[in-house]
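Data first, discussion second: the structure below is written as structure tokens.
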Amino acid sequence: MRNRKGQGVIIEVLAFAMSIMLAVVIFVVMISTGNTVEHTASQNIEYELGDLKKRSTVSITMNDRLWRDDAVNKGKYANWPAYKVISYYFSTPGNKMYIEDKEIDKDQAEEDIKNYLKYKMEKYWKEGPSDVDYYMNISNPGNPGQPTNLTVKTYSKISGGEEGRITYPISLTDGTTAEATLWTKGSTNIYSVGGTN
């Protein structure tokens, strides 16, 4: 009986000693690497949170109303969310589009959409303590004679840059899909955005 108790105590002492030794080894490794593991993990978390902010910014922008921008007449687009107005803009052939009973010139709709997009991007990336440059483009695979791009930006995107890019699909009424893409540049912390380009 005593022998079994003694074996249990020895096992507990050995397990405790091993855990202390493991903690010391981890401590020595962290000191010798200059805390690189923690720094890398911190950077990865910041970039992931930054990507989350970009994704939510695009989602909120597409689901909000164009009249949020004072430059856009409140009743003009029948209180439709931005993605629906953009869908009609890209899908409707000719120079006019129709939202409920209103005929809207597509050049005016383009100006209103760009004003709205710029208003939202400025709100999220340029106001407050952060000053992050952005490049937002909505591209349409399109049909001949229909618009293909809407772009608002504060910098010229480096071609081929995939890092820091978020895309958001927009279903069009003609059955195709447009793509809203947001790049940001010059991030400094998780409250601005992750990624470069």
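Read-outs throughout are calculated quantities, based only on the coordinates presented, and are distinct from any laboratory measurement. Not measured: the values here are computed from a predicted model. Backbone-built Cβ (ideal geometry, glycine too); neighbour counts: all protein chains shown.
Model label points for Glu111 and Arg165, set 7 angstrom from Cα along the Cα-to-Cβ axis, are 3.2 nm apart. One decimal place: the segment Asp174-Asn149 gains 7.4 nm when fully extended, by the rule 0.36 nm per residue minus the C-alpha distance. Once a ≥ b ≥ c are taken as the square roots of the eigenvalues of the Cα gyration tensor of the range 67-148, is the result rounded (a/c under 1.5), prolate (a/b larger than b/c) or oblate (a/b not larger than b/c)? In terms of gyration-tensor shape, oblate. Residues whose amide H falls under 5 Å from that of Gly164, counting only those 5 or more places apart or on a different chain, are Thr196, with hydrogens built in the peptide plane. Residue-wise HN-Hα couplings along the range 75-82, as the Karplus relation 6.51 cos²θ - 1.76 cosθ + 1.60 with θ = phi - 60° gives them from phi, are x, 5, 10, 6, 6, 6, x, 4 Hz; Gly and Pro carry x. Counting only lysines at least 8 places from Lys185 when in the same chain, those with an alpha carbon closer than 21 Å to its own are Lys53, Lys54, Lys114, Lys118, Lys120, Lys123, Lys126, Lys153, Lys157. Taking 7 Å steps out from each Cα toward its Cβ at Asp64 and Ile10 produces label points 7.0 nm apart.
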